[in-house]
1. What FRET efficiency would be calculated for the residue pair Leu14, Asp34, taking the C-beta separation as r and a Förster radius of 30 Å, to the nearest 0.05?
2. Which loop-located trypsin sites (Lys or Arg not before Pro) does the stretch 1-57 contain, where loop means any DSSP state but H, G, I, E or B and the Cβ has at most 16 other Cβ atoms within 10 Å?
3. Residues with amide H under 5 Å of Thr42's amide H, sequence separation 5 or more or different chain, H placed in the peptide plane at 1.01 Å from N; which?
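Readers should treat all values here as calculations from the given coordinates under stated rules, not as data from a laboratory. No experiment lies behind these values; they were computed from the predicted model shown. Heads up, the Cβs are rebuilt from the backbone with ideal geometry, glycines too, and the neighbour counts pull from every protein chain shown.
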Amino acid sequence: MPAILGLDETVRWLDPGLTEPGDLAPLLHPYAGDALQSFPVTTRVNNVRFDDPACLEPAPPGGDGGDGAQLSFGL
């Protein structure tokens with residue numbers, strides 16, 4: 001799981017003066033679930049041809065709305 005840090009925690013995380021892992025251990029805690037949100041996205045996210053703000057848009061209800069084919073492994 002990635003570390004999700006607040007601004008003040010980011011400053012501490014990037015402090016070059018802190019060299020002991022124990023100094024940063026308090027920053028590694030579960031992030032507040034109510035501060036995160038999830039939503040379905042289109043297959044545009046899975047296509048390397050696209051790297052633009054549209055990748056962050058929620059998928060329209062009832063359909064994918066993607067602009068590219070889903071990668072298939074022949075299954």
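1. 0.70
2. Loop-located and lightly packed - Arg49.
3. Ala59
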